Amino acid sequence: MLALASFTAVSAWAFSIGQMTTNGRTNPLGIAADDISFSWAITADARGVEQSAYQLRVGTKEGEDDVWNSGTVTSDRQVDVELPATIRLLPATRYFWQVRNWDGKGMASEWSKPSWFETGLLSAADWRGAKWIAHSVPAATSGEKAEAHSSLPLLRGVVLFTKEVKRARLYVSAKGLYQLSINDRKIGDQYLAPGWTDYRKRIQAQTYDVTPFLQTGKNSIGAELGDGWFRGKVGIGWRNVYGNSLAMIAKLRVTYVDGSTQDFATDASWRSAEGPFVQADLQDGESYDARLEQPGWNRADFDDSHWSPVVVQQDDLGTLVPQPDEPVRATEVLKARTRTMPAPGEYVYDLGQNMVGIARVRLTGKAGQRIQLRYAEELYRQGDQRGRLYTDNLRTAKATDTYTFAGDETVVYQPTFTQHGFRYVEITGLDTPPETADVQGVVLGSDLPQIGDLTLSNPMLDQLVRNIHWGQRGNFLSIPTDTPARDERMGWTGDINVFAPTASRYADTRAFLTKWMDDMRDAQHADGNIPAVVPQPRGEFDQTGVGWSDAFITVPYAVWRSTGDARIVRRNWNAMSRFYAFVYDSATHDGNLLEEGRSSWFSGDWLNLEGVDRLAEHRVIATAYFAEDTRMMAEMALAMGEVRQATIWATLVPKIHSAFVAAYRNPDGTIYMGTQTVYAMTLAMGLIDDPVQREQTAAKFVEKLAVDHYHLKTGFLGTPWLLPALTSIGRNDLAMRILLNEDYPSWGFEIRMGATTMWERWNSIRANGEFGPVDMNSFNHYAYGAVGDWMFEHLGGLQALAPGYKHSRIAPLTEPGGLSWSRCSQRTPYGLLTSDWKRTNGELKLSINVPANTTAEVVIPAKSAEAVREEDVLASTAVGVKESTFKDGHLTLFVGSGHYEFTSPY
Ligand code: BGC
């Protein structure tokens, strides 16, 4: 008995706690303190592991609970455990937290290893003493001036420590972009800080641990500034949107070995001069003149007597907020694969991948020689331009960097204050071109944790999975953008509305999209509506309609559904409710439940191929969205504990459905306007509640697809619903058929034409190699990548039945349909969820992993219940399997956590 008891104890203890996050991030440095929420995952070897209780402690030292001790909480909750709002946290302070939990059998784990978060400067009072400082001669906005004008500023300040420094933090922000260094060493691994927000309302500050950079005695802190979003080109070539004077602010807090602290800050003692960045613009590119470098300018002993005193701006410090999400970082470096010379002196390097970032090139030249780098997503494929850069689609974005040599030398040049969308780099102005190996692409993007992968036996579909991911990596850059290349690059709400569920498959979107929701709140109109683009520069694209502004509901919903973390909803609940009230009033003010307003040029099924009147079709889509918004709000209201409101909205949903059916479903089952999109939305959103009516409409949808030769015609709003609609009516065969097409129009066509990202249009390149309409033709637009969610769900087989995959369904489409195997994994907040199957020698093998404290429904095609085995036992009797049912050639098992290996002969 004793031996058995201790054995049970040992096996029950065999789990460990990991994936500890604060506000969706691991050990975040410099966050706000008002809304802290914790999550953790349990890893266990045993099956059916559950958490019956937890205890969490937060302290100012590892292992302590001087801030908060939750006590033992009987709960299976592991995601979004809030620090009570009554607990006041201090600015500029590191907090440690640990958790332990009890399994279903009452055994307690050890305390987890400590995780931490550190607060930044939280209010204007915390910044006190720091001043916004600027160069005395403001450089003219890049591009608007002749190059003879002053160049971009360098600023430096000197600080002196008489005692040994134990710990130091630097809090920094800029109006513009900054690159920071101390004693000539670059600080941080971020790019393009402080990121894009509506600078009139909120400017993000970053926190750096600069302890290793400081020395006793004199230290020099320096910053180089660029135009960035603050006053460079944003949107359709708009300049000076937030101001025209570049400035920075910084505060250094030092803790000495003797325990005392001291603050230093930007003030009138700083000095400034013009530096080697002649101009720098995100869209147009950067010009760097090495002859203007001031060697040693950021060393403590530099003589800056010829520099001018900075100008102190009397600006409010109240707009400064700690950056809540992951910074933009270099996430990968690609090597050029080939070099060609399509015209004399014009060298073109191919990185093999349409990417977003900057080039890194090794150049050899002579003093005063100026070389030029140009960037493009595509090359001309035909005619006398063949092989040269195709840049017409970049519109006014010049996407050109220049470098001027200071001496006869070899240098490695990598622009600092710009960002391009490109696969090809053209270099001109050199006698000897760099070797292929001397040209690289530095991939930049907000550095979200990558959590999902899907590998497929079909190479075209596998490429599609990767293209979608590249579209996300490139367009998640401080904000979610439409395109990273042409002069637009804005936070189009419609694009992320359709893409958020897919994005949340690949990456943990919690921090990034929660930050963007803050931008949305900043942009919200008094009537509750949301503009078409967020942040919204200069009041442009202010009015919008269905499918765009709805992102204010669908984006937090997607994040919450995929992570089970309701923080993004809680934080925005009032503002979302105001937006929903606007939607509700718009639909109901004329006495019915049909939405006939909320239409604008920027709404409806954008870029579809049906050739119908988009605004007429819009009416159907508008009411469909009203129903969806209401359903989502009802579900989220429950998560917010607003049961009464949830019931009101849940009761409204079928009423909207009835109104929809009465207005737009004809007695023969067809849907008004008859486009693929109206059918797809009707069926996938479940807008017809009567099963017979639904079946008739499903048949009409299939007829419509037959007329279209089983090729898609959907635009931005319809595409995400197309394959889900077919799945919902039991026609996965047709879903696969459409997905596997490789002729126009299809996803496969893009890939056959060489796409490595998602195109904006189905015909961005035509079959004959001509480019689509030049005024709007990006090769990196993620909207059509919204199919990724369906691919993860049905080809990968992983579906969240409850938020965060607390309960999931594992049901990959293993039956003939173009695939012989697939491997899918998602690191959910609860841990790793996987499905890995293959068909060989008459047998289907399926291995799965279900995270601890979650359950899954596993669906396996089988000849009979008895034919399915898990390792060497009957699957239905395996440890961890709680229930099983066999129906229509499928065995469905209800399983607890753990790793399982199933086999089923077919
Ligand atoms: C953008 C889109 C956007 C659309 C709205 C385009 O110019 O690139 O992605 O959603 O306008 O109309």
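The values are calculated or read from the model by the stated rules, or taken from the named source; none is laboratory data. Keep in mind that what you see is a predicted model, and the values were worked out from it rather than measured. We place every Cβ from the backbone using ideal geometry, glycine too, and count neighbours over all the protein chains shown. Heavy atoms of the whole protein, side chains included, go into the accessibility calculation; ligands, DNA and RNA do not. Shrake-Rupley method; radii C 1.70, N 1.55, O 1.52, S 1.80 Å.
Quick notes on this one:
- Within the stretch 886-906, considering residues that are more than 30 Å from residue 51 (Cα to Cα) and touching a residue at least 40 places away in the same chain (Cβ under 8 Å), the one least open to solvent (accessible area, probe 1.4 Å): 904
For (1) among the aromatic types (Phe, Trp, Tyr); (2) closer than 23 Å to residue 326 by Cα; (3) assigned to a loop (DSSP other than H, G, I, E, B), each residue gets a yes or a no:
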| site | (1), (2), (3) |
| --- | --- |
| 96 | yes, yes, no |
| 102 | yes, no, no |
| 112 | no, no, yes |
| 117 | yes, yes, no |
| 121 | no, yes, yes |
| 129 | no, no, yes |
| 133 | no, no, no |
| 137 | no, no, yes |
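- Pick from the stretch 505-523, criterion free of Cβ contacts under 8 Å to residues at least 60 places away in the same chain and closer than 17 Å to residue 789 by Cβ, ranking: surrounded by the fewest Cβ atoms within 10 Å (Cβ to Cβ): 507
- Being within 16 Å of the ligand (Cβ to nearest atom) and buried (at least 18 other Cβ atoms within 10 Å of the Cβ) is true of residue 607.
- Looking only at the stretch 635-675, residues that are within 30 Å of residue 565 (Cα to Cα) and either open to solvent by 40 Å² or more (accessible area, probe 1.4 Å) or at pLDDT below 95 (or both) come to 15 in all.
- Residue in the stretch 372-389 that is open to solvent by 30 Å² or more (accessible area, probe 1.4 Å), modelled with pLDDT under 95 and on the phi > 0 side of the Ramachandran plot present: yes
- Inspection of the stretch 451-460 identifies no residue that is under 10 Å from the mean Cα position of the chain (by Cα) and crowded, with 23+ Cβ neighbours inside 10 Å.
- Taken together, the criteria place residue 526 among residues that are among the aliphatic types (A, V, I, L, M), more than 16 Å from the ligand (Cβ to nearest atom) and open to solvent by 10 Å² or more (accessible area, probe 1.4 Å).
- Among the residues of the stretch 197-218, just one is part of a loop (DSSP other than H, G, I, E, B), under 19 Å from residue 121 (Cα atoms) and among the hydrophobic types (A, V, I, L, M, F, W, C), namely 210.
- Scan the stretch 17-46 for residues that are under 30 Å from residue 847 (Cα atoms) and either open to solvent by less than 40 Å² (accessible area, probe 1.4 Å) or modelled with pLDDT under 95 (or both) and the total you get is 14.
A quick yes/no check of all residues on (1) modelled with pLDDT under 95; (2) on the phi < 0 side of the Ramachandran plot; (3) open to solvent by 40 Å² or more (accessible area, probe 1.4 Å):
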| position | (1), (2), (3) |
| --- | --- |
| 237 | yes, no, no |
| 255 | no, yes, no |
| 265 | no, yes, no |
| 268 | no, yes, yes |
| 274 | no, yes, yes |
| 297 | no, yes, no |
| 310 | no, yes, no |
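- For the residues 811, 800, 783, the requirement of being among the hydrophobic types (A, V, I, L, M, F, W, C) and more than 27 Å from residue 569 (Cβ to Cβ) singles out 811.
- Among the candidates 687, 723, 717, the residue that is at pLDDT 95 or above, assigned to a helix (DSSP H, G or I) and buried (at least 20 other Cβ atoms within 10 Å of the Cβ) is uniquely 723.
- When the stretch 752-774 is limited to residues that are within 22 Å of the chain's Cα centre (by Cα) and in contact (Cβ under 8 Å) with a residue 60 or more places away in the chain, the one that is farthest from the ligand (Cβ to nearest atom) turns out to be 756.
Each row is one residue, and each column tells you yes or no for (1) out of contact with any Gly (no Cβ under 9 Å at 6 or more places or on another chain); (2) more than 16 Å from the ligand (Cβ to nearest atom).
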position: 776; (1), (2): yes, no
position: 779; (1), (2): no, no
position: 793; (1), (2): yes, yes
position: 796; (1), (2): no, yes
position: 799; (1), (2): yes, yes
position: 804; (1), (2): no, yes
position: 812; (1), (2): no, yes
position: 819; (1), (2): yes, yes
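- Checklist (1) more than 16 Å from the ligand (Cβ to nearest atom); (2) in contact (Cβ under 8 Å) with a residue 40 or more places away in the chain applied to residue 539, failing item: (2)
- Flag for residue 316 being at pLDDT below 95 and open to solvent by 30 Å² or more (accessible area, probe 1.4 Å): yes
- Within the stretch 464-497, tally of residues that are hydrophobic (A, V, I, L, M, F, W, C), open to solvent by less than 10 Å² (accessible area, probe 1.4 Å) and either within 11 Å of the ligand (Cβ to nearest atom) or without any contact (Cβ under 8 Å) to a residue 12 or more places away in the chain (or both): 3
- Residue list for the stretch 550-604, restricted to those being open to solvent by less than 10 Å² (accessible area, probe 1.4 Å), modelled with pLDDT of 95 or more and within 16 Å of the ligand (Cβ to nearest atom): 550, 551, 552, 555
- Subset of the stretch 31-83 [polar (S, T, N, Q) and in a strand (DSSP E or B)]: 37, 39, 43, 51, 52, 55, 69, 74
- Residue check, residue 474 closer than 18 Å to residue 190 by Cβ and either hydrophobic (A, V, I, L, M, F, W, C) or outside any loop (DSSP other than H, G, I, E, B) (or both): yes
- Counting only strands (runs of 3 or more DSSP E) that sit completely within the stretch 364-440, those holding 3 or more residues that are among the hydrophobic types (A, V, I, L, M, F, W, C) correspond to 370-376, 420-428.
- Strands (runs of 3 or more DSSP E) completely within the stretch 789-902 that count 1 or more residues being closer than 26 Å to residue 510 by Cα and among the hydroxyl-bearing types (Ser, Thr, Tyr): 807-810, 821-828, 831-840, 855-861
- Applying a threshold of 7 Å to beta carbon distances and a minimum spacing of six or more residues, or different chains, the list of pairs starting in the stretch 401-425 at a residue that is farther than 23 Å from residue 367 by Cα and ending at one that is at pLDDT below 95 and in a strand (DSSP E or B) is empty.
- Cross-chain or 6+ apart pairs with Cβ under 7 Å, the stretch 643-659 first and over 19 Å from residue 591 (Cα atoms) and free of Cβ contacts under 8 Å to residues at least 40 places away in the same chain, then part of a helix (DSSP H, G or I) and open to solvent by less than 80 Å² (accessible area, probe 1.4 Å): 645/637; 646/634; 646/637; 650/634
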